[in-house]
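Contents: one structure, followed by commentary.
The values are calculated or read from the model by the stated rules, or taken from the named source; none is laboratory data. Not measured: the values here are computed from a predicted model. No Cβ is skipped: glycine too gets one built from the backbone with ideal geometry, and neighbour counts run over all protein chains shown.
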Amino acid sequence: MFKNFSLDDVKLTDSYCAHRRELVKRYVKDFDIDRLMHTFLINAGLPSDAEPLGGWEAVECGLRGHFVGHYLSACARFAYADQDGCLKGKAYEIIETMEACAKPNGYLSAFEEDKLDTLELEENRLVWAPYYTLHKILQGLIDCHQFLGNEKALTLAMKLAYYIHGRFEKLSFWQIDGILRCTKVNPANEFGGIGDALYTLYDITRDAKVLALAQQFDRGYFLDPLAAGKDVLDDLHANTHLPMVLAAMHRYNITGEQHYKSAAEHFYHFVKGRTFANGNNSSKATAFAKGGVSERSEHWGGYGRLEEALTGGESESCCAHNTEKIVERMLEWSGSIECLDHLEQLKYNAILNSASHTTGLSQYHQPMGSGAVKRFSGLYDTFWCCTASGMEAMSELQKNIWLRSGDRLLLNAFISSTVFWNEKKVTIAQHTRFPDGLTSTLTIRTAEPTAFTLMLKQKAVRTVAINGAPIPWERTDGYILIERMFNDQDKIEITIDARLQMIPLQGSDRLAAMMFGPVLLAQLGPHKPLKELTSSSINDRFVRLATDRLEFVLQDAEGKPVSFIPLFRVEEEEYTVYLDLQGDSNSQEWFTYA
């Protein structure tokens with residue numbers, strides 16, 4: 001069905017996405033490789049006098065090395081999409097250092113090999129997520145091969161995969177089950193998306209050992225009940241299990257085993273019942289009213305029961321990154337307009353929103369209760385998991401705006417951008433100021449008249465004109481289909497249909513968020529009670545200001561103006577997403593970051 005264009009076929013030209021992407025690209029380009037590779041060199045017994053990094057990349061942290069893998073993935077994507085020789089050179093330099101650090105047996109990491117021995121003996125104790133970090137390293141190597149053609153990266157990836165395969169060959173069924181069973185709250189043995197990465201490595205090499213190893217990470221405790229239609233998400237750590245679904249989807253695409261497709265499809269239904277208005281998921285485990293950051297923010301609660309989920313740490317940014325990948329693959333299977341809407345919802349409100357407009361660096365969590373404040377990564381002293389996945393997300397931010405299926409071109413989001421449709425020898429440039437403006441103009445560039453079908457989502461469009469003349473269109477399953485012979489410099493002018501809507505918090509009859517089309521709004525400043533605000537009254541009470549950027553005001557219970565802007569534009573201000581419609585909610589007890 002619908003598939004994305006290659007990253008080098010879409011160029012962002014807007015003022016929000018393009019700006020944040022460029023900030024992160026500059027961060028990647030300016031990063032000191034000596035500091036980045038310090039712990040790899042030390043672990044390999046090689047000299048390094050570089051200044052160590054802090055946070056989760058510090059020399060004593062169990063997760064050290066994970067950011068390097070994400071950095072390689074981001075570096076490869078930026079270099080490929082922008083034909084950036086400097087970034088390609090940095091990726092190649094890292095590969096050379098990794099080659100020097102790799103052991104003869106294939107082991108490559110920034111932490112000691114005996115951490116894996118400890119995991120095999122102690123299962124879920126004493127070590128922090130070694131296979132999670134090995135996944136990031138493996139994925140970075142694979143991306144450098146796929147995007148940049150680096151053969152050394154592929155060799156290192158294969159040697160590392162064979163090393164892991166050799167370890168697993170020596171373990172019993174129950175040892176492997178203990179290592180990879182992640183049912184505890186805040187599991188220390190989280191193994192990331194290593195299964196999905198190994199399936200990609202199999203796609204490249206068709207190596208039977210790699211396929212067998214990938215299948216080891218498809219855990220029956222999670223996937224088997226899902227395949228049977230049983231909801232087992234309660235209390236599971238969200239970003240541990242989202243990558244398992246990605247791997248299951250990849251396995252189905254390789255082997256055709258219906259079991260894994262059914263598991264993924266049932267999962268998607270169940271996770272939507274745990275999804276916030278920003279399109280993302282993760283909150284507190286149902287069994288834990290209190291606890292640390294993870295227990296109160298990174299799990300799944302009950303289906304349709306988010307009334308107590310606003311702890312100040314809900315919606316982990318890593319989850320948005322992996323959920324987007326799942327929905328992309330669901331779209332490839334189904335062509336569902338609901339998947340397209342979900343991708344657009346995530347794009348504005350969880351992916352773009354994860355990054356600072358000042359630095360481009362990411363939030364760990366994206367709180368949506370009252371009195372929330374965003375907290376972003378530091379340059380060299382945090383390196384949360386979401387620092388890393390956020391960087392990678394910005395390197396592929398041009399995804400899911402334009403998609404294609406045969407001779408059909410689908411515009412999924414009104415974000416200024418240019419798509420190069422090489423098969424058709426057509427370039428389409430979109431210019432829009434959405435959500436600040438409500439028009440979009442598409443300009444066709446082609447050397448000769450070309451026939452194709454332009455698809456738009458019907459609910460997002462008021463009118464369409466070509467070269468100034470309104471045109472009729474065919475409506476099919478929620479789409480507008482414009483099938484014609486397009487000429488050079490044809491202009492398609494679209495009037496966008498974006499309306500205010502109230503989105504209740506699942507399971508709550510008192511809390512609701514406001515959206516303008518697909519864009520989630522945030523109330524600025526201390527939370528104000530908004531009594532008697534209803535779906536039928538929002539258009540009367542919300543007044544759009546006559547300014548260049550989208551902003552609404554309405555009167556609070558005391559008759560004072562309250563401002564609302566897109567959540568992705570909030571930077572340092574205190575804000576609220578889910579509004580109290582009854583005006584007497586108790587204040588939340590927020591956690592603090594460790």
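Observations
- Hey, residue 340 touching a Phe, Trp or Tyr at 6+ places or on another chain (Cβ under 8 Å) and either surrounded by fewer than 24 Cβ atoms within 10 Å (Cβ to Cβ) or of a type in the set (A, V, I, L, M, F, W, C) (or both) or not: yes
- Residue match in the range 75-83 (condition: of a type in the set (Gly, Ala, Ser) and either over 24 Å from the mean Cα position of the chain (by Cα) or within 19 Å of residue 101 (Cα to Cα) (or both)): no
- Residue match in the range 88-99 (condition: assigned to a loop (DSSP other than H, G, I, E, B), at negative phi and of a type outside the set (A, V, I, L, M, F, W, C)): no
- Pick from the range 299-328, criterion at pLDDT 95 or above and among the hydroxyl-bearing types (Ser, Thr, Tyr), ranking: farthest from residue 511 (Cα to Cα): 323
- Test: residue in the range 174-182 that is out of contact with any Leu (no Cβ under 8 Å at 6 or more places or on another chain) and part of a loop (DSSP other than H, G, I, E, B): yes
- Residue within the range 269-291 that is among the polar types (S, T, N, Q), over 26 Å from residue 566 (Cβ atoms) and either under 20 Å from the mean Cα position of the chain (by Cα) or surrounded by 24 or more Cβ atoms within 10 Å (Cβ to Cβ) (or both) present: no
- Qualifying residue in the range 350-367 (condition: part of a loop (DSSP other than H, G, I, E, B), touching an Asp or Glu at 6+ places or on another chain (Cβ under 9 Å) and among the aromatic types (Phe, Trp, Tyr)): yes
- Within the set 261, 230, 209, the sole residue that is under 26 Å from residue 173 (Cα atoms) and assigned by TED's automatic domain parsing to the domain that holds residue 198 turns out to be 209.
- Hits in the range 553-571 - residues which are at pLDDT 95 or above and not in a strand (DSSP E or B): 567, 568, 569, 570, 571
- Selection status of residue 379, outside the structural domain of residue 130 (by TED's automatic domain parsing) and farther than 28 Å from residue 191 by Cα: no
- Residue in the range 287-302 that is on the phi < 0 side of the Ramachandran plot, in a helix (DSSP H, G or I), touching a residue at least 40 places away in the same chain (Cβ under 8 Å) and of a type in the set (Asp, Glu) present: no
- When residue 468 is tested against (1) among the small types (Gly, Ala, Ser); (2) in contact with an Asp or Glu (Cβ under 8 Å, 6 or more places away or on another chain); (3) touching a residue at least 40 places away in the same chain (Cβ under 8 Å); (4) farther than 20 Å from residue 402 by Cα, just one condition goes unmet, and that condition is (3).
- Scanning the range 384-438 for residues that are part of a loop (DSSP other than H, G, I, E, B) and farther than 21 Å from residue 518 by Cβ yields 384, 395, 406, 407, 422, 423, 424, 425.
- Residue pairs whose Cβ atoms lie under 7 Å apart, separated by 6 or more positions or on different chains, with the first residue in the range 10-21 and in contact (Cβ under 8 Å) with a residue 12 or more places away in the chain and of a type outside the set (Asp, Glu) and the second in a helix (DSSP H, G or I) and surrounded by fewer than 21 Cβ atoms within 10 Å (Cβ to Cβ), are 12/18.
- Residue match in the range 523-536 (condition: closer than 30 Å to residue 450 by Cα and crowded, with 16+ Cβ neighbours inside 10 Å): no
- Residues of the range 179-218 that turn out to be more than 19 Å from residue 250 (Cα to Cα) and hydroxyl-bearing (Ser, Thr, Tyr), as a count: 1
- Flag for residue 109 being touching a residue at least 40 places away in the same chain (Cβ under 8 Å), among the small types (Gly, Ala, Ser), surrounded by 17 or more Cβ atoms within 10 Å (Cβ to Cβ) and part of a loop (DSSP other than H, G, I, E, B): yes
- Here residue 117 meets the list (1) among the acidic types (Asp, Glu); (2) closer than 30 Å to residue 11 by Cα; (3) free of Cβ contacts under 8 Å to residues at least 60 places away in the same chain almost entirely, failing just condition (2).
- Only one of the listed residues (346, 331) is at pLDDT 95 or above, touching an Asp or Glu at 6+ places or on another chain (Cβ under 6 Å) and part of a helix (DSSP H, G or I). That residue is 346.
- One residue from 233, 226 being at pLDDT 95 or above, surrounded by 19 or more Cβ atoms within 10 Å (Cβ to Cβ), touching a Phe, Trp or Tyr at 6+ places or on another chain (Cβ under 7 Å) and in a loop (DSSP other than H, G, I, E, B): 233
- Count of the range 468-490 residues which are surrounded by 13 or more Cβ atoms within 10 Å (Cβ to Cβ) and either closer than 30 Å to residue 310 by Cα or basic (Lys, Arg) (or both): 1
- So residue 312, is it in a loop (DSSP other than H, G, I, E, B) and buried (at least 23 other Cβ atoms within 10 Å of the Cβ): no
- Scanning the range 370-383 for residues that are crowded, with 23+ Cβ neighbours inside 10 Å and either out of contact with any Gly (no Cβ under 6 Å at 6 or more places or on another chain) or at pLDDT below 95 (or both) returns 370, 372, 377.
- Any chance residue 118 is among the polar types (S, T, N, Q), surrounded by fewer than 20 Cβ atoms within 10 Å (Cβ to Cβ), in a helix (DSSP H, G or I) and out of contact with any His (no Cβ under 9 Å at 6 or more places or on another chain): yes
- Elements of the type helices (runs of 4 or more DSSP H) sitting completely within the range 1-75 and holding at least 1 residues that are charged (D, E, K, R), buried (at least 16 other Cβ atoms within 10 Å of the Cβ) and touching a Phe, Trp or Tyr at 6+ places or on another chain (Cβ under 9 Å): these cover 17-30.
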